[in-house]
Every structure is written in structure tokens, then in C-alpha cells.
């Protein structure tokens, strides 16, 4: 199977490419990146050809592409890849606004290509285990969710509103909204949020707390931030607590670790040894392409997660609950 | 001076109760007459409504008395202008739901500033567990999520502060000094001296403030 990489602007591109390299029978057919230095370096690392020209890249014989550009360029790349009949794994968030997301989904349907959105948290072992417990009825009816996704400020284009479309709230809310939708099988009907910029001297949000209500009355909270600094023992967290009528359980995708104490400036480090969820995502996407099945995480899933994140900004701006 | 404290006996470190303090559980028959026989009566928030207008009554809030909270409060207030996110999570059973939430609002306002905006979202009151989420925007740049699960499980408190270059985390299960959990009520106990020191005179202004928070918590919705 031949897979092309479109842009290494998002750091996940490297772990996705690492994942491709581990799989037998999979070849990185080429790398397109308008940042020539970055693209050439990546092509050298992954022993493939670099393309400066997007049309030339998309003319190459390959089954699918993985898009890891700035958020502002997702639409352009998805639409062009779809027209070139390439199946697509697109980094989250799907787009910067709902209209673009809808167009991306529509174009992919029109050209008969798969559009999967990269929500790797679904492939974390503890997150999957809780999903299995819910499906087996061990928790009873879900009453409420509590979620967090707090990490470090990624900097670069992430903190440029023109290229990212939003800060920590957009970057981190979509992950856990996706997990809540996946766990419950229900849609969010309202969002209330407080969004602010606390932790860094940047012109974009780095903190937000959201409350949400689902169509079946389940309520949820979410804490999204870039509040973790480099001396914190780990990058951050991705947690979900499910309060059920029979049992309450909590999972953290980054919890599996040992504590490492050293005498440096970072005296305590949590060394992660859990499963590689990015690799799980890549394997699932390739399986989807190979078997020509529906994606595990569709463009619609990406759209619904985006809607909730954008509603948080609107709620903060209007100081009112936003109904979806 | 004779001081009487009404409280949940298992919550108060018995070694901290001196001979000058009369300690009574809320169920004790002497509660009805104790007010007349003491100089000061210290009561928990859930009994505040029964003693309105009484001059020698002071009210305490359990959250404010926990040693962990007193230490974390110092971290949060070290820089008075510090911005950040507060998260309080309580798992409780057999408590006066409204009083717990009202009390926490009162205590956290003293740490984080005046609550400018409060949004309450809850599940069906008749369903166990009953879950409530309070979202609060405080004056001065702090925001908070207060979450409560009222059910049948053991009591647990999780409290987090994400400030600028400062993160503080507490979990009563994780910080329990004796395992397995259930052997000790530590760390969720407090000292009798702290009750005497940190209680509030139950005057008109105090009750007005409580009433404001009660209205928000009872009615749901937002303020």
C-alpha cells in the first residue's frame, strides 16, 4: 500500500510516518510540503521523494494521503486529494468552520474516497477498555462525563488564529467531545463555556471550561488548556470519567507511567509506557482503506466535534448557553 | 468561656477537642438546649437555617477546615492577582446536597474572588447518582468547575489549581496515608481549634450571601 504525506506542519505527522514505516507492505510514496526545508528533511528521514508542487504529488500513484497541515489548509488539501481519488486521513480539527467541514465531507462523498479524522485517543488502551465496559453494560446508564485535555503550548502556527482557527479550546476539546460521542452514541445539544488566555502571553485562548448537555440528558464537563509547563512531570493528560448508574470509572490515556527522579531542573518525570495510540490510528486507517470499509472516525464525527468547540467560543462571547 | 461545637463526630480529630469544648453530633438531644448553656455555638452550614437570628452562633464550612485546603489556599492566593482554573470534585453520600454546594461557593469565593457568573447543570434529581456541575467565572481572572456526585460511594474530594507556572493537585483517595482505603478517615478530617478560628458570625449579611448562593444552586440555570 502506498501512502503520501501532505505537510509536516503538525507534529503528529512524524509519529504517523513512524507508524507507516513499522507496517509491512506499506510505503511512504512521497511527501508534499510547502516548507521545502521541512519537507526535504522529512523525505530524507523516511527515505522517500519530496514534492514542492501539490499537483505533481497528487499525480503520484498512491492509495491514500495523510494530511498534517495547519488547520487553515485542511480544506484545500482534502478537496484536492479527493479530486485526485486519494483516500484521506486528516488531522483534527477537521476545519476551522462548519461550512468548510461540510464541503470537505461532501467532496469526499462525491469522489468516492474515505475521509477519516485523526482522533488517536480512541485507540488508547484504557480509553478502549472503558468503551468495552460501557458496551457490556457494566456501568449501567451513563449519567455524566468529566473530561480533561490539558497539555503544553505547542507554539508556532497553533497560536496564530489565522492558521489555527482557535487555541487550546479548539485544539483539545475536539478529542474528548469525540470520545464522549463515541461512548454515548448521542449528540450534544447545548454548550456553555468560559474561555480565556491565562498561561501565556499570546493572542489566542489557552484555557477553557465547558459544560455540555447531550440529547438524552447526560451532562458533561470539559477542561481544555495549555496550562502544563515544561517542568511538569509529563506533557499533560486526556482523561474521561464516566459516571454511571451502576459504576463510575475514570480513564487517562497518559496514565501508564513510572516516576523518574533526577537532580536536573525537571526533578520528576512521568515516563509513559502505554500503547502507541497514533500507531493504532494509522493501522485502523490502512485497514479501512484496504478493506474499503467505512472509516471508524468519519468526517461527520470531525464535524460534530468541531461544532461543540466552536459553540464554546460563541458561548464565551455571548455569555450564554449555545444550543446546537 | 464555654464553646460548643455541633458536627459530624467522625470528621473532627478527637485529640484536638479540649475540655473547654463541648462536642455534639447533630442527632444529640442536648442540641436543642445547648445554645442557652454556652458562650459560643459553632454549627455546620447545613444547620445554619435553624439558628437564624441567634446572637452567639457561628457557622463553619468543612472544605475550609481541611488541612489540605488550608495549604492549597496559600498556594492559590500567594499572588493575589494570579489567574487560572480551579477544579473541585466531591463524591458524597448522605449529605445535605444544597448545603455542601452553597458552602463550597462561599469558601471558594473567599479564595478566588466574587462569583460574577454561575451556571448550574444537573442530572435528574431523582436518579442515583445525582450529578451537578457548577461553572463559575470569578472576578479577577479565575474560573472554576465544581462537580458533585451524590450517591452511595465513599466520600472523596479532588481539588486542583492550574495557575501560571504553578499547578497544585489533591485527591483524598490518592493522598490517603493508610491503605487499603476505608481504614482511616484521614485525610478528610479537621481540628476543633480550626472550627473555633475559622467560623463566621451568622449575621444578616452572612445569611444574605448564603441565600444568594442557595437561590442559584436550587434553581439551576445561571446567575
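The values are calculated or read from the model by the stated rules, or taken from the named source; none is laboratory data. What you see is a predicted model; the values in this text were computed from it and never measured. Virtual Cβ from ideal backbone geometry, glycine too; neighbours counted across all protein chains shown.
Got at least one residue in segment A:234-243 being facing chain B (nearest Cβ under 8 Å), over 25 Å from residue A:159 (Cβ atoms) and buried (at least 16 other Cβ atoms within 10 Å of the Cβ)? Walk me through it before giving the result.
The initial filter retains those residues of segment A:234-243 that are facing chain B (nearest Cβ under 8 Å), namely A:243.
Now drop any that are not over 25 Å from residue A:159 (Cβ atoms), which leaves A:243.
Those still in the list that are buried (at least 16 other Cβ atoms within 10 Å of the Cβ) too: A:243.
There is at least one residue in segment A:234-243 that is facing chain B (nearest Cβ under 8 Å), over 25 Å from residue A:159 (Cβ atoms) and buried (at least 16 other Cβ atoms within 10 Å of the Cβ).
Out of curiosity, is residue B:41 farther than 26 Å from residue B:213 by Cβ, under 22 Å from the mean Cα position of the chain (by Cα) and either assigned to a loop (DSSP other than H, G, I, E, B) or at pLDDT 90 or above (or both)? First the steps, then the outcome.
Numbers: farther than 26 Å from residue B:213 by Cβ: no; under 22 Å from the mean Cα position of the chain (by Cα): yes; either assigned to a loop (DSSP other than H, G, I, E, B) or at pLDDT 90 or above (or both): yes.
No, not satisfied.
Go through the residues of segment A:254-271 one by one and say whether even a single one is in contact (Cβ under 8 Å) with a residue 24 or more places away in the chain, in contact with a helix residue (DSSP H, G or I) (Cβ under 7 Å, 6 or more places away or on another chain) and within 14 Å of chain B (Cβ to nearest Cβ).
Looking for residues that are in contact (Cβ under 8 Å) with a residue 24 or more places away in the chain, in contact with a helix residue (DSSP H, G or I) (Cβ under 7 Å, 6 or more places away or on another chain) and within 14 Å of chain B (Cβ to nearest Cβ), one finds at least one in segment A:254-271, hence yes.
Within segment A:201-227, track down each residue that is in contact with a strand residue (DSSP E or B) (Cβ under 8 Å, 6 or more places away or on another chain) and outside any strand (DSSP E or B). Steps first, please.
Applying the first criterion (in contact with a strand residue (DSSP E or B) (Cβ under 8 Å, 6 or more places away or on another chain)) to segment A:201-227 yields A:205-215, A:218-227.
Across segment A:201-227, the qualifying residues are A:205, A:206, A:215, A:218, A:226, A:227.
Tell me, which strands (runs of 3 or more DSSP E) lie completely within segment A:66-168 with 2 or more residues that are touching a residue at least 12 places away in the same chain (Cβ under 8 Å) and out of contact with any helix residue (DSSP H, G or I) (no Cβ under 8 Å at 6 or more places or on another chain)? Lay out the reasoning, then the answer.
Values: elements: A:87-91, A:115-118, A:142-150.
In segment A:66-168, the matching strands (runs of 3 or more DSSP E) lie at A:142-150.
Can you name the condition, by its number, that residue B:96 falls short on among (1) surrounded by fewer than 17 Cβ atoms within 10 Å (Cβ to Cβ); (2) within 12 Å of chain A (Cβ to nearest Cβ); (3) touching a helix residue (DSSP H, G or I) at 6+ places or on another chain (Cβ under 7 Å)?
The one condition residue B:96 does not meet is (2).
For segment B:131-165, name all the residues that are at the interface with another protein chain (Cβ under 9 Å from one of its Cβ atoms) and surrounded by fewer than 20 Cβ atoms within 10 Å (Cβ to Cβ).
Those that are at the interface with another protein chain (Cβ under 9 Å from one of its Cβ atoms) and surrounded by fewer than 20 Cβ atoms within 10 Å (Cβ to Cβ): B:141, B:151, B:153, B:164, B:165.
Please give the number of the condition residue B:196 fails out of (1) within 11 Å of chain A (Cβ to nearest Cβ); (2) touching a residue at least 60 places away in the same chain (Cβ under 8 Å); (3) buried (at least 16 other Cβ atoms within 10 Å of the Cβ); (4) within 24 Å of residue B:102 (Cβ to Cβ).
(1)
Evaluate segment B:84-105: report whether one residue or more is on the phi > 0 side of the Ramachandran plot, touching a residue at least 60 places away in the same chain (Cβ under 8 Å) and over 19 Å from the mean Cα position of the chain (by Cα). Can you show your working first?
In the first step, residues of segment B:84-105 are kept if they are on the phi > 0 side of the Ramachandran plot; the result is B:84, B:94.
Filter once more, so that each one left must be touching a residue at least 60 places away in the same chain (Cβ under 8 Å): B:84.
Within this subset, residues satisfying the condition of being over 19 Å from the mean Cα position of the chain (by Cα) are B:84.
There is at least one residue in segment B:84-105 that is on the phi > 0 side of the Ramachandran plot, touching a residue at least 60 places away in the same chain (Cβ under 8 Å) and over 19 Å from the mean Cα position of the chain (by Cα).
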